[in-house]
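The values are calculated or read from the model by the stated rules, or taken from the named source; none is laboratory data. Computed from a predicted model, the values in this text were never measured in an experiment. Positions of Cβ are generated from backbone atoms using ideal geometry, with glycine treated the same way; all protein chains shown enter the neighbour counts.
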Amino acid sequence: MEKGFDVVALGELLIDFTENGLSEQGNPLMEANPGGAPCNVLAMLNKLGKHTAFVGKVGNDMFGRQLKEAAAGAGICMDYLKMDEEIPTTLAFVKTFPNGDRDFSFYRKPGADMMLTSDDLPLEAIRAARIFHFGTLSMTHPGVREATKKAVEAAKAAGALISFDPNLRPPLWASLDEAKEQISWGLSVCDILKIADNEIAFMTGEENFDRGAAILKAKYPGIKVLNVTAGADGSYSYYADGKVFVPSFRLGGTIETTGAGDTFCACVLNYVLEHGAEGLGADELTQMLRFANAAAYLVTTKKGAIRSMPEKEQVEEILAAN
């Protein structure tokens, strides 16, 4: 069938409150940045000229309206966003430490993104995607988990590639065993995986990426493109029997890392959209990772994510100079 969207993503759309200095009284000032991993991914894809749509739910409140406006302003089709009249928009407060690590405090008991149900799904739009992308924040509770799995199955049946980012946030799970079970389901259905260093250790017990990736590839043979992000060190791609590593760009000016992994993920999806997921060699994988690393670096030089995605030309300038 004719595909109407390059990428459709489902999941959380929320406000990331990030620190932005102190008031005259010494109180921390918080900036309300539009965020949520799936829409971050779509925002970068739109910068790269792709046609995207988001499926999710926010509260019909000032934050929900801000999010809808910001995502639409980024070029994402928001026709399928649901507004909950009773449950407020999910909020996340992000504490960034001097070494770049982050601590999240979520206001989500409940939050509107959890209230998405199977009946809310725009199945025709989901079937019209070339790639369907999701994470696990939409799998922490039974109703939205059922909706996520139904959406994945509909996309897969229509021939879409499935992209998955575990995006592990331990405070949001009833137990880490449940988190592991749901991440395992995501791994079992995806074609393209973006997994962070802490997540591959969580799922395999291996700190060594080569051994961890080998475990995942053996257990989940459907994964075609397996990428591991290792923060400031760089990124790895495990494809077929090969492996490519590309170091990160350390050019200074980093403020915070919110959205860096999502930016990386978007650039990988863009590469797959343009080159396919079959027969990729070391040169192609290196080109893919270099572009993704450069874009991820650029987003760390700004606050927030949806409104902080770099232009394609900015990424190319970094690549040309390094």
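One residue stands out among those in the range 202-215 that are assigned to a helix (DSSP H, G or I) and among the charged types (D, E, K, R): the one that is farthest from Y271 (Cα to Cα), which is R211.
Of all the listed residues (R127, R102), the sole one being of a type in the set (K, R) and either in contact with a Phe, Trp or Tyr (Cβ under 7 Å, 6 or more places away or on another chain) or within 16 Å of D6 (Cα to Cα) (or both) is R127. If the condition is being in contact with a helix residue (DSSP H, G or I) (Cβ under 6 Å, 6 or more places away or on another chain) and of a type in the set (G, A, S), then the range 207-233 contributes G212, A230.
For the range 243-251, the condition holds for no residue, the condition being that it is in contact (Cβ under 8 Å) with a residue 60 or more places away in the chain, touching a strand residue (DSSP E or B) at 6+ places or on another chain (Cβ under 8 Å) and farther than 27 Å from V189 by Cβ. Restricting attention to the range 191-215, the residues that are of a type in the set (F, W, Y) and either out of contact with any Asp or Glu (no Cβ under 9 Å at 6 or more places or on another chain) or modelled with pLDDT under 95 (or both) add up to 1.
Yes/no matrix, rows are residues, columns are (1) within 30 Å of N33 (Cα to Cα); (2) in contact with a Ser or Thr (Cβ under 7 Å, 6 or more places away or on another chain); (3) not aromatic (F, W, Y):
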| position | (1), (2), (3) |
| --- | --- |
| V228 | yes, yes, yes |
| L251 | yes, no, yes |
| G261 | yes, yes, yes |
| C267 | yes, no, yes |
| G279 | no, no, yes |
| L289 | yes, yes, yes |
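Condition (residue is in contact with a strand residue (DSSP E or B) (Cβ under 8 Å, 6 or more places away or on another chain), over 20 Å from L289 (Cα atoms) and either buried (at least 20 other Cβ atoms within 10 Å of the Cβ) or touching a residue at least 24 places away in the same chain (Cβ under 8 Å) (or both)) applied to the range 193-215: is it met by at least one residue? Yes: one or more hits.
Residue-wise test of (1) of a type outside the set (F, W, Y); (2) surrounded by 21 or more Cβ atoms within 10 Å (Cβ to Cβ); (3) assigned to a loop (DSSP other than H, G, I, E, B); (4) in contact with an Asp or Glu (Cβ under 9 Å, 6 or more places away or on another chain).
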site	(1), (2), (3), (4)
A72	yes, no, no, no
A92	yes, yes, no, yes
K95	yes, no, no, yes
P98	yes, no, yes, no
D103	yes, no, no, no
F106	no, no, no, no
I126	yes, yes, no, no
F134	no, yes, no, yes
G143	yes, no, no, no
